[in-house]
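Single-structure report; data block below.
The values are calculated or read from the model by the stated rules, or taken from the named source; none is laboratory data. Only a predicted model underlies this, so the values are computations on that prediction, with no experimental measurement involved. We place every Cβ from the backbone using ideal geometry, glycine too, and count neighbours over all the protein chains shown.
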Amino acid sequence: MDFALTEEHEMVRKMVHDFAQKEVRPTIKEWDIKHAMDPQVLPRMGELGILGICIPVRYGGQGMDYISLGLACEELEAVDTTLRVVMSVHMGLNSMALLQWGTEDQKQRFLVPQAKGEKIAAFGLTEPGAGSDVAGMHSTAKRDGEEYVINGEKMWISLATKADHFLWVAVTDPGADDPHEGMTAFVVEADRDGVTSGDIHDKMGVRAGSTGWVNCQDVRIPVANRLGEEGEGFKIAMSCLDNGRYTVAAGATGLIRACLEASVKYANERTTFGKAISRHQLVQQKIARMVQDYEAARLLYLRAGWMKNKGARNTRETSLAKWYATDASFEAAAEAVQVHGAYGYSAEFDVERYLRNSKGAVIYEGTSEIHTLIQAGYALGMRTNADLRCELPAYAPDVWQAEPETAAAS
Amino acid sequence: MAGNTVVYIDHVQGKAPPAAWEAVGAGLALKDEFGGSLKAIVVGQGVEALAAQALACGVDEALFGEDERLMDFRPEAYASALSGQLGDADVVLFSDSVRTRDLAGMLAVDLDTGVVSDVTALEITAGQLFASRPIYAGKLISKVHAVDARPLLITLRSRAFGAPAASGSGQPTRIDVDPGDPPTRVIELKPSEGGVSLSDAAVVVSGGRGTSNNPSLVPPSDMTDEKDIEIWRAHQGFKLVQDLAAVLGGAVGASRAAVDAGYIPYSHQVGQTGKVVSPDLYIAAGISGAIQHLAGMRTAKTIVAINTDPDAPIFKLARFGVVQDLYKILPPLTEALRQRLGT
Amino acid sequence: MNIVVCVKQTPDTAATVTVEGGQVSWGDSPLVLNPWDEYAVEQALRTKEAHGGHVTAISLGPESAKDALKQALAMGCDEAILISDPALAAADSLATAQVLASAVRKLDPPDLIFFGKASVDSASGLTFAQTARVLGRPLLSQVAAVNLVDPDGGSISVERLLPEGREVVEAGLPAVVSVTKEINEPRYPSFMGIRKASKAEIPTWDIGALGMDSAPKAKVAWPEIFAIALESTSCEMIEGETPDAMAAKLADRLLEEKVL
């Protein structure tokens, strides 16, 4: 077993680290206070290829592997969670689903511009009345000739007002015996008639991001926009979450690291009772716990990335990584605030932003409670992985880095 | 150890910066302690007066060489002009500047000898000259000596050595020099804003991020952009910094945070990626004291820190500290010093 | 155009450096491409993008310096060469310049040789001037802007950032150029660049490969390195009932202590 990152991985990590630290970090607190997204973020991440990092070159991407995606997410969230949320929805929940389930036509129409950063992608699953209970959703898609008519509202959608393409899950068969088999996935372009969206403000955290609602009122899309088969929507959505959750796990690991670094720095500078607070044992305990959580979270997400590289089904391992890292990041952030004392409570330092940001991750992409049940299910034999008609492709460097074949004569 | 020391008088078109005389002072100190001779040398156009001034400082001999082609400083030409003149020197001192580093570097090639730049201390131990210089952004000091190399060329950091008191006389000696044709052509010089050069200043007053922190000031009514307002606030703060600097005859510096925020041009930045300064007095107003900044000013003789945060790291390095808003303390401080100094 | 950029690998500037057993130690901190050299690499790449050609990055250092060269390759340099030889372990700036010059002479004759302003470790700021002198090529140092490069006419016009202002200077090609950070904003390595760099084979040239009979001798040595003892200045806090009182007190103290 080789636990070392390759030279390539190290360079990827450093590149994303440098971008986030130099270009986003200096002003992120101000955007957070404004409850607005820095307009530079999406274009820069597109220009630098981060928005297509693990998509094959022939589909407009950078041809790096899934571990690179994880490393990038760790570095992005170490600066602010909102950067990683971009990757979670654009790459994890949408682009990777196209890679896994899309037809060649859909890959060309949607995945290529997304990977190039020319179009922004998002994920429409959650509704005002349906979060953990996905099958309880109300959005519908009615077949009408060569089109589907989409109706419904999705809520808590990251990049709702910024995205060009939504991966939208709706009920196609309301009368299905098992509602899990009555849903279908679609690609809905934001500029279609009947699509409206708006921002949701005043969230506890990820304020420098974009979260909102998207509403479809009799939106007509061609059958060619249907992802997978009718009735596969739930399975597709769950496979999307396998990828979204991976980015969340990696990102939360970065957040633990940010809490750790801030706490170590502060603890070495601040003095009480005649010595640096880093010399007080109860402060040391908090820092030691952050180290423990960081290292464990990191190994868990890297393992999941390694499995994705191999083309191995990783639902259980990714769920475990997400659950562990997000719970741990919430605790690490709370303890980081504590280490900073009153200063931690003030926006002058970053740790209160880390705490507010961390709370979202234990709710989205599967609440910690859902993951608890998932893990118990696997352990107790009550849950197994159903076969999927399409699997996330294993990483193959030569195939992924091959340039697109140019048309013979054009 | 008695040796022959030569000191080169650095200049731009016949005008020498204060540091040039510090190099003479260093040469005199070496001669005082260890004997030997001290010769000054200068090449350029219109530089006889510099040679005369060196004699007035107390050097034994002052040589000057002139040539039209030396009007603008070009390292290749100056090195060619000088390299034949240094044969009997054991040590050649230069004040450190962009010019002299290039010059000394090239002379070292011509003379196949050693060169040490940015030196802050000289000492002789067991007959060998050691030049101390900061490395790793001033976190460490290395002591350098020549290895089978004569003369040892040394550039001396500004303000690390004292300028001499005038105490000599004599006539400068003209020498013939052949600079060759310079391989580069100066087309023009676009002068920068005037004022005391940060590197040479005896007093530096610096402002940091705290300069924009005065919420009670009302910006002009037509200003609506928040960034513009923040910069306007910072300019008000830097006016106070500039007033104090003016009273003290000093230069205005800035922390990297202030420069990055657009409060003041980069030419004022003091720190690891800005200028390294070594003034007699460094007053830091509204600067927290990040390591990068400290690297630029830690060798100042006296540091005064003004900051509303009593835990700011800068207080650890300061000789005097004032926990006070710079807006409240700078104006009365400027006035109090103006009265006492009569400036 | 044939372009060469000379780079160095240095410890990260954020590293805590200490002296251990007379040697500088930076602990676990990574070794990086000297930050000042990134500007030189960027300028080399921009020159190639404007005029066509080939960029070769060279470095004198130990085997680990290949990582810094890989960064240069990942940014977009076409080729990289490491110069390494145990006999060069104690090379000073002159020996380094002589070695770099020998390496340059073995390459296709370059039109431009770029350097950064200084290395963040030893920071002698001498190597580029010395390399130019050894090669007998004009030196353009402290370059903050390149106004014009005329490859056919064989000339370059630059602006040098000097304390007294910006000096506009022209020189014929080939020339040695050292750049300051005002000149550009270095690019991040692209992912494609990273892939190419990690696969790249970087040849190592030793003294023999450079065509030199023996390693040039260093003319200076630095056997002693020590950390600056942090003078624990006890800071005298100036107190006062009002800002006016504090100001008066501070002014008095400064005069008493003969600071002014």
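Here are the numbers for this structure:
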{"item": "Filter result (part of a loop (DSSP other than H, G, I, E, B) and within 12 Å of another protein chain (Cβ to nearest Cβ)) within region A:1-35", "result": "A:LEU5, A:THR6"}
{"item": "Strands (runs of 3 or more DSSP E) contained in region A:156-216 and holding at least 1 residues in contact (Cβ under 8 Å) with a residue 60 or more places away in the chain", "result": "A:165-171, A:183-189"}
{"item": "Entirely in region B:38-120, the helices (runs of 4 or more DSSP H) that have 2 or more residues that are charged (D, E, K, R) and within 14 Å of another protein chain (Cβ to nearest Cβ)", "result": "B:98-111"}
{"item": "Hits in region C:202-237 (condition: assigned to a loop (DSSP other than H, G, I, E, B), of a type in the set (Val, Ile, Thr) and within 7 Å of another protein chain (Cβ to nearest Cβ))", "result": "C:ILE228, C:THR233"}
{"item": "Meets criteria (in a helix (DSSP H, G or I), surrounded by 14 or more Cβ atoms within 10 Å (Cβ to Cβ) and of a type in the set (Val, Ile, Thr)) for A:ILE363", "result": "no"}
{"item": "Considering residues of region B:136-162 that are among the basic types (Lys, Arg) and over 19 Å from B:PRO279 (Cβ atoms) only, the residue surrounded by the most Cβ atoms within 10 Å (Cβ to Cβ)", "result": "B:LYS139"}
{"item": "C:TRP222 vs. criteria crowded, with 19+ Cβ neighbours inside 10 Å and in contact (Cβ under 8 Å) with a residue 40 or more places away in the chain", "result": "no"}
{"item": "Filter result (touching a helix residue (DSSP H, G or I) at 6+ places or on another chain (Cβ under 6 Å) and basic (Lys, Arg)) within region A:257-302", "result": "A:ARG257, A:ARG270, A:LYS286, A:ARG298"}
{"item": "Cross-chain or 6+ apart pairs with Cβ under 6 Å, region B:17-42 first and crowded, with 19+ Cβ neighbours inside 10 Å, then part of a helix (DSSP H, G or I)", "result": "B:VAL24/B:ALA54; B:VAL24/B:CYS57; B:LEU38/B:GLY27; B:LEU38/B:LYS31; B:ALA40/B:ALA54; B:VAL42/B:LEU50; B:VAL42/B:ALA51"}
{"item": "Answer residue from region B:292-303, given it is more than 7 Å from chain C (Cβ to nearest Cβ) and either at pLDDT 90 or above or touching a Phe, Trp or Tyr at 6+ places or on another chain (Cβ under 7 Å) (or both) and is surrounded by the most Cβ atoms within 10 Å (Cβ to Cβ) among those", "result": "B:MET297"}
{"item": "Sole exception among (1) part of a loop (DSSP other than H, G, I, E, B); (2) modelled with pLDDT under 95 for A:ARG383, by number", "result": "(2)"}
{"item": "Residue within region C:113-123 that is free of Cβ contacts under 8 Å to residues at least 60 places away in the same chain, hydrophobic (A, V, I, L, M, F, W, C) and within 26 Å of C:VAL32 (Cβ to Cβ) present", "result": "yes"}
{"item": "All positions within region B:317-343 that are over 19 Å from B:ASP280 (Cβ atoms), facing chain C (nearest Cβ under 7 Å) and part of a helix (DSSP H, G or I)", "result": "B:LYS328, B:ILE329, B:PRO332"}
{"item": "Residue that is nearest to the other protein chains (Cβ to nearest Cβ) [pool: residues in region B:165-176 that are in a loop (DSSP other than H, G, I, E, B) and within 24 Å of B:GLN85 (Cα to Cα)]", "result": "B:ASP176"}
{"item": "Any hit, region A:320-331, residues being touching a residue at least 60 places away in the same chain (Cβ under 8 Å), out of contact with any strand residue (DSSP E or B) (no Cβ under 8 Å at 6 or more places or on another chain) and closer than 23 Å to A:LYS29 by Cβ", "result": "yes"}
{"item": "Spans of helices (runs of 4 or more DSSP H) in region A:42-143 with at least 2 residues away from chain C (no Cβ under 14 Å) and buried (at least 22 other Cβ atoms within 10 Å of the Cβ)", "result": "A:66-79, A:81-87, A:96-101"}
{"item": "Selection count where residues are part of a helix (DSSP H, G or I) and at the interface with chain B (Cβ under 8 Å from one of its Cβ atoms), scope region C:238-251", "result": "7"}
{"item": "Qualifying residue in region B:168-182 (condition: under 25 Å from the mean Cα position of the chain (by Cα) and among the aliphatic types (A, V, I, L, M))", "result": "no"}
{"item": "Odd one out for B:TYR136 among (1) modelled with pLDDT of 95 or more; (2) aromatic (Phe, Trp, Tyr); (3) closer than 30 Å to C:TRP26 by Cα", "result": "(1)"}
{"item": "Among (1) at negative phi; (2) without any contact (Cβ under 8 Å) to a residue 24 or more places away in the chain; (3) within 14 Å of chain B (Cβ to nearest Cβ); (4) not polar (S, T, N, Q), the one test that C:LYS199 misses", "result": "(3)"}
{"item": "Given (1) touching an Asp or Glu at 6+ places or on another chain (Cβ under 8 Å); (2) within 11 Å of chain C (Cβ to nearest Cβ), index of the condition B:SER288 fails", "result": "(2)"}
